[in-house]
Amino acid sequence: MSKTLTDISFLDLLPASISSDPVIVAAARALDGELAKTTANINAINIWSRIDEIEEPLLSMLAWELHVDYWDQAWPDSAKRETIKKAYILHMIKGTPAAVVEAIKTVWNDAEIEEWFEYDGAPGYFRAYTDETLSAEMIDRFVEMINAYKNCRSWLDKLGVKRGLDCSLNVGLFPRLGGSTRIAPRFEADNLDAALIVGTYLQHGRTTRVPLLVPKITADDVAVYVGGRNQIGKLTRIGVSNG
């Protein structure tokens with residue numbers, strides 16, 4: 001049965017000619033402890049394969065080895081790891097707006113560079129924006145990082161903070177056919193010999209009121225009041241008012 005480095009013993013490596021010698025056996029067993037310590041430390045040299053696991057002080061040593069242009073011991077380990085991962089790429093594009101943006105994004109949420117010709121500024125100047133909330137101390141570090149990755153001929157004109165608002169626009173539509181209709185015929189005459197007043201309607205809706213208002217009629221007058229309806233809806237009122 002095959003064995004791994006974690007469970008092998010020096011006794012397993014001895015040839016048959018000396019494996020029964022008590023002195024050799026004792027020496028092999030004495031070396032097993034040192035072999036176990038060495039085996040346990042083998043993984044320590046696997047740096048890049050476990051970059052997301054290593055911590056300080058190894059992170060700072062890697063930053064020195066890779067000549068990282070800007071390093072802050074106050075950064076969290078996650079930001080340090082991202083900076084180390086991007087070290088080669090940032091060296092290749094150093095001095096460009098992309099290098100400044102990528103360097104900033106390793107530590108802060110986002111960044112944007114606006115060059116002078118994009119806002120009618122003076123030649124050689126640029127503006128930097130972020131959506132991060134910056135304290136006075138963070139502003140100094142932000143500017144230091146920009147200066148570490150920008151080219152020497154460009155100058156920071158403005159550092160701004162952008163704020164965005166995500167919202168939804170809800171539109172409601174209410175189609176309606178019909179509504180409320182009032183039909184009120186009015187007469188100015190004081191007296192009528194006879195009056196035939198008809199109120200009628202045809203509705204697709206909810207409520208219709210047809211009050212028929214007529215003037216006061218004497219006892220000798222003749223009046224006929226008719227109310228009719230043809231409705232598809234909920235409520236209809238047809239009222240005749242003698243007033």
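The values are calculated or read from the model by the stated rules, or taken from the named source; none is laboratory data. Values in this document were obtained by computation on a predicted structure and should not be read as measured data. Cβ coordinates were reconstructed from backbone atoms using ideal geometry, including for glycine residues, and neighbour counts include every protein chain displayed.
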Filter the range 23-60 for residues that are over 19 Å from residue 12 (Cα atoms) and β-branched (Val, Ile, Thr); the one that is surrounded by the fewest Cβ atoms within 10 Å (Cβ to Cβ) is 45
Flagged pairs (Cβ under 9 angstrom, 6 or more apart or on separate chains; first in the range 41-65, more than 13 Å from residue 85 (Cβ to Cβ); second at pLDDT 90 or above and assigned to a loop (DSSP other than H, G, I, E, B)) are 56/73; 60/71; 60/73; 64/71
Of those in the range 1-15 that are modelled with pLDDT of 80 or more and farther than 19 Å from residue 40 by Cβ, the residue surrounded by the most Cβ atoms within 10 Å (Cβ to Cβ) is 14
*asked:* Regarding the range 71-80, can at least one residue be identified that is in the same structural domain as residue 145 (by TED's automatic domain parsing), in contact (Cβ under 8 Å) with a residue 40 or more places away in the chain and under 25 Å from residue 110 (Cα atoms)?
replied: yes
Of (1) in contact (Cβ under 8 Å) with a residue 40 or more places away in the chain; (2) over 14 Å from residue 160 (Cα atoms), residue 121 satisfies every one except (1)
